[in-house]
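Chemist: Could you have a look at this structure, given as structure tokens, before my questions?
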Amino acid sequence: MSWTQLLANKDAQKHQTSEPELNNMRELIARDLADAGLPGLSADRRFATAYNAALQAANIAIACAGYRITARVGHHQVSLESATLALGKSAEELTDYFEICRRKRNQINSTRTRLVTEGDAKEIVTKAKEFYELVETWIAKNHPKLVK
């Protein structure tokens, strides 16, 4: 996959990001990571909320690379693949992990309960934080004007 293919398929469009847009996404990530750590919240809900934080981190990377993923069926999957395209090979292990999580999250939000364990929930929170740090480090190196 390439940006050219994503544009041709209308899965992505060129986009000029802004500091307010990025800061809003950063606030969403902070909120979701905080909420995912709330005691008493089910493992399923913590898992889904941490997944959303990771998805927003992917969207930040995509925006900094000059694109936006269009809202169509499968856009979460395209976002994760595109984040790897933007960030490079160093992100692949994490985006592959979040692709597996995406499928679980879809079930959590629509068809199943108690799908994930406490360990799964803790793991995705840790991985979401790691991924967000990777994105911010990449921004600092490649797009220093967009650093928070």
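The values are calculated or read from the model by the stated rules, or taken from the named source; none is laboratory data. Note that the structure is predicted; figures quoted are calculated from it, not measured. Reconstructed Cβ throughout: ideal geometry from the backbone, glycine too, with neighbour counts over all protein chains shown. Only protein heavy atoms, including side chains, enter the accessible area calculation; ligands, DNA and RNA are left aside. Shrake-Rupley method; radii C 1.70, N 1.55, O 1.52, S 1.80 Å.
Chemist: Please go through the stretch 64-73 and give me each residue that is at pLDDT below 95 and among the aliphatic types (A, V, I, L, M), ordered by number.
Modeler: If the condition is that a residue be at pLDDT below 95 and among the aliphatic types (A, V, I, L, M), then 71, 73 are the ones that fit.
Chemist: For residue 45, state whether it is open to solvent by 10 Å² or more (accessible area, probe 1.4 Å), assigned to a helix (DSSP H, G or I) and among the basic types (Lys, Arg).
Modeler: yes
Chemist: Now a separate question. Out of (1) part of a helix (DSSP H, G or I); (2) of a type in the set (D, E, K, R); (3) in contact (Cβ under 8 Å) with a residue 24 or more places away in the chain, what's the single condition that is false for residue 31?
Modeler: (3)
Here's the yes/no breakdown for (1) of a type in the set (A, V, I, L, M); (2) at pLDDT 95 or above; (3) more than 21 Å from residue 96 (Cβ to Cβ):
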{"site": "25", "(1), (2), (3)": "yes, yes, yes"}
{"site": "28", "(1), (2), (3)": "yes, yes, yes"}
{"site": "36", "(1), (2), (3)": "yes, yes, no"}
{"site": "41", "(1), (2), (3)": "yes, no, yes"}
{"site": "45", "(1), (2), (3)": "no, no, yes"}
{"site": "51", "(1), (2), (3)": "no, no, no"}
{"site": "62", "(1), (2), (3)": "yes, yes, no"}
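Chemist: Given the options 27, 99, name the one that is closer than 13 Å to residue 124 by Cβ and of a type outside the set (S, T, N, Q).
Modeler: Sole residue among the options that is closer than 13 Å to residue 124 by Cβ and of a type outside the set (S, T, N, Q): 99.
Chemist: Can I ask one more? If only one of 92, 81 is under 21 Å from residue 11 (Cα atoms), charged (D, E, K, R) and modelled with pLDDT under 95, which one is it?
Modeler: Going through 92, 81 in turn, just one is under 21 Å from residue 11 (Cα atoms), charged (D, E, K, R) and modelled with pLDDT under 95: 81.
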